[in-house]
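Values quoted throughout were computed directly from the atomic coordinates according to the rules given, and no laboratory measurement underlies them. In this text, all values refer to a predicted model and were calculated from it rather than measured experimentally. When we count neighbours, we look across all protein chains shown, and the Cβ atoms used for this are built from the backbone with ideal geometry, even at glycine.
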Amino acid sequence: MSARRLLGRIVKWKDPMAMSDNSQHGVWNTLRRELGRMASDRVYLLLMLVLPLATFVFFITMFQGGKPENLPVAVYDADHSSLSRQVTRMIDATSSIRITREVDDLAQGKALLQEKKVYGLVVFPTGMEKDVYRGTAPNVVAYYNNAFLIPGSLLQRDIKTVVGTVSAGIALSTSEKKGSTPNQAMAQIQPIRLDTHVLFNPYTSYFYYLVSCFLPVMLQIFIMTVTVYALGTELKDGTASDWLDSAGGNVIKGLFGKMLPYSLVFLLIAFLMVIGQFSYFGMPLRGSLGLILFGTLLFVVTYQAVSIFFVSVFPSLRMCLSIASSYGAMAFTFSGLTFPYSAMPLGAKLFGMLFPFSHFLKLFIDQAFRGAPLAVDLLTIAGLSAFLVLPWLALHKLKRVSYAPEYWHRI
Amino acid sequence: MRKNKTGLIGGIRSVFSVWRQEYINILSDFGVLLILVIAAAAYPLLYGYAYSTEVLRDAPVALVDLDGTGLSRQLTRMIDATEEMKIKEMPGSLNEAESDFYKGKVDGVLLIPKGFAANIYKQQQATVSVYCDASYFMNYKQVLQGANYAAGTLAGQIKVQRAMAHGATLIQAKAQTTPLGLVETPLYNRTGGYGTYVMPAVLILILQQTLLIGIGMLGGSQREQNSFHFAILKGSTVNSALTIILGKAGAYISIYLIHAIYLFGVVFRVFHLPVRSSLPEVLVFIFPMMLAVTFLGLTMVSWFRKREQSIMFLIFLSIPILFLSGISWPVESMPAFWRGLAQIIPSTPGIEGFIKLHQMSATFHQVSREWFILWVMAFFYFGTAWISFTGIVKKHRRM
């Protein structure tokens, strides 16, 4: 801590002109000061525009296909019959699978699976076709790599559909030969039909599912990083008192003036993110766009609020960045999207409520995909808004550390 | 001390001196300690806990029984008995069920329409409707699977009863309605557990990211304070960039070997994650990844002028890097550009090889390609770290 700076502050403090000049010291003054700081540090351009947009492009291009297609699968055909060839062709024709290999024994197939050259192995046993017509109901065996859950479940679904269709086709033609009408035959083969309604994402597209989640996940990390950095450097560089002085010592005005430019830039990006998903990428919008935009506004502001709280509680830039970014990196896991809350242990579920992102994601899914009634999301909005209380709890401490040289220049 | 510490002995001595000094630097800097030691140890526990239940069991569903017959009640019991779901609400109409769904009480809705039993007895096809919520994929999958299972079980019973009433044997009965069956064998993660799926990749990622951030943070603050410990190398003719790199690397890798033993030996067992290779084998596999990550981290030190920059620019990358590893979105479906970019990141072959070796019971020979790539990365990043530190040392000598 340099003696000169301390002296400078004392001089300023004792200067009666500076005191009487308070009329000029307010939100606008702080805002002007902040714009200068933003312009002089390249970090802001990178973390507020370049990198957020780059990560958006990353996730959008990554999941653009919507669904993995033509995943490599091997076949071990010990039957060499027209039936086994027919099933092979049908499996190959599904969207998720491409038959890339034919193996001569199980060991070869197993090695391909272990080397991840294929995600699945379909086995047709010897005498399969004969057994079908002899009526001994043979089985096709499907192995699939479930260490990779998305390919695993796509393979499982498509192979099951193909084998089920082939089997039903054979049964149908047999009973029609015996003189049943097609309807009777169908009722014989499948007495109960499952009438499946896939709600809210009828094409089960991973694009909507993952993009709508990962863009805000990335954005909240950037909002917190920038906010903590903007406030924390004031402490690190010992300029915190200068900042508060610019607002006439009023910490509320100081925060408002300081945060405003960041709020505006991030709001712009967040609105672009939300509206772009609906207008450009055709994401379903079944509920209220107004509510989603209001939630987006809250999303940006609550993450700034949480960051202000963190800086006040951990008034050292590096420490606070570590904590804020660890918190940001965990938001996805505890949002309950891929691993739902109904499956999590209670402690993890409650922990999840401590992330504004969890509330925002629920609101977004409810309003964009599900078209939920507004009333059910009032509680979600309330949950999101609750985080706005945090900085008020910390105002006093923030003012104290900003004027306390012992908190400056901490590494 | 002799004026010129020439020769190998002097060089080795300086390396150990840097090594020891680096331990002191880590221990005396709480921020670095938090990342390199505490985060790397605590993160896995937090994630492990969140995923400890592995699968969604007994997803709450609403069942609307408009039929109200013995058969519909039998189906209701079967639905309730599945592992996938549990009937939480029995509303009188679909509208009520919908409102239960929006209120978050249930994850899916099943409906048995009026005339369900009558259709069965008339030997006509009966239907059961299932409404599953594809905005949460796991809920969707469980509800659909459970509904399929329950309806299939009841249908199977009906089919067998009918066939046996006509004097058929059990196998004949099955062959009449399902002439070609399917046996599904999910490998390496039998129950489709989420923790089993994601934890191996996340643990490797945590090793890489904390190490990169920690190295960058230490390097950044040493540069910021101009306190690179070059003093000990004054007058030395040893290539001091090399000395610093080796000494620092020794310190980091020794700490991360302990982390690796903790993660693969302890964390996997605590959360009952499948272990399908021996600890020494995994350590041998992961060692070149640690070298590659360490040297990559040391290369990046020249980019970070301030201590906070490494965390600001590396944390957000963790999430894209996890996707680049191919654990979630299959490599085969990635755009070529991202696939190419993934090839410069140590965690890409690291995660792929580790999952094959440790989860898919591949032999070491079967992951030799990934192991080789990791060694190539280790040597490459060693070169870049050397270049980077030569620059830093020159700059500091001039000052």
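Peptide B:315-325 has a mean of 5 when you count, residue by residue, the C-beta atoms of other protein chains within 10 Å of its C-beta. The mean number of Cβ atoms from other chains found within 10 Å of a Cβ in peptide A:348-356 is 1, as a whole number.
The charge dipole of chain A, taken about its Cα centre with unit charges on the Cβ atoms of Lys, Arg (+1), Asp and Glu (-1) only, comes to about 940 debye. Sketch the reach of a paramagnetic label on residue A:89 as a point 7 Å from Cα along Cα-to-Cβ, and name the residues of segment A:98-124 whose backbone nitrogen lies under 13 Å away. In segment A:98-124, the label zone of residue A:89 (backbone N under 13 Å from the point 7 Å along Cα→Cβ) covers no residue. Label separation (residue B:363 vs residue B:284): 1.3 nm, computed from points 7 Å beyond Cα along the C-beta direction. Among the listed pairs A:236/A:397; A:258/A:399; A:236/A:399; A:110/B:141; A:117/A:160; A:362/B:88, which are separated by more than 18 Å between their Cα atoms? In this structure, A:110/B:141; A:117/A:160; A:362/B:88 exceed 18 Å between Cα atoms.
Per residue, the average separation of C-alpha pairs within less than 8 Å and at least 6 apart gives chain B a relative contact order of 20 percent. Each 5 Å bin from zero up to the one holding the largest Cα-Cα distance in segment A:71-189 carries the following percent of pairs: 2, 11, 21, 21, 17, 12, 8, 5, 2, 1, 0. The protein assembly as shown has equivalent-ellipsoid semi-axes of 57, 36, 19 Å, by the square roots of 5 times the alpha carbon gyration tensor eigenvalues, sorted largest first. Spin-label model, residue B:397 to residue A:279: label points 7 Å out along the Cα-to-beta-carbon direction sit 5.9 nm apart. To the nearest ten degrees, helix B:7-27 and the longest principal axis of the Cα atoms of chain B are 50 degrees apart. Computed extension gain for residue B:66 through residue B:171, at 0.36 nm per residue and net of the alpha carbon distance, reaches 34.4 nm. Say a paramagnetic label sat at a point 7 Å from the Cα of residue A:400, along Cα to Cβ; which residues of segment A:243-259 have their backbone N under 17 Å from it? Answer for this model: A:251-252.
Distance from the Cα centre of segment A:113-182 to that of segment A:27-75, in angstrom? Between the Cα centre of segment A:113-182 and that of segment A:27-75, the gap is 45 Å. Between residue B:384 and residue B:20, the simple label model (points 7 Å from Cα in the Cβ direction) yields a spacing of 3.3 nm.
Partner shielding of A:147-159 amounts to 6, given as the average count of beta-carbon atoms from other chains within 10 Å of each residue beta-carbon. Treating r as the C-beta distance of residue A:382 and residue A:193 and R0 as 45 Å, the FRET efficiency rounds to 0.55. Placing R0 at 30 angstrom, the Cβ-Cβ distance between residue B:339 and residue B:262 gives a FRET efficiency of 0.40 after rounding to 0.05.
With a ≥ b ≥ c the root eigenvalues of the C-alpha gyration tensor of segment A:180-293, is it rounded (a/c under 1.5), prolate (a/b larger than b/c) or oblate? Prolate, since a/c reaches 1.5 and a/b exceeds b/c.
Using R₀ = 45 Å, calculate the FRET efficiency as 1/(1 + (r/R₀)^6) where r is the Cβ-Cβ separation of residue B:114 and residue A:160; round to 0.05.
After rounding to 0.05, the efficiency reads 0.90.
For segment A:71-189, DSSP calls about 30 percent of its internal beta bridges antiparallel. Here chain B is treated with +1 on each Lys and Arg Cβ and -1 on each Asp and Glu Cβ, and its dipole about the Cα centre works out to around 1880 debye. Across all C-alpha atoms in chain A, the radius of gyration and Dmax reach 30.4, 108 Å. Packing here is the average count of other Cβ atoms within 10 Å per residue, and on that basis the peptides A:148-155, A:133-140, highest first, run A:148-155, A:133-140. Stokes-Einstein diffusion for segment B:59-177 at 10 °C, viscosity 1.306 mPa s, with a Kirkwood radius from C-alpha pairs, works out to 106 µm²/s.
Dividing the helix sum by the residues of the protein assembly as shown, where each DSSP H run of 4 or more adds -39500 (n - 2.57), gives a mean residue ellipticity at 222 nm of -19000 deg cm²/dmol.
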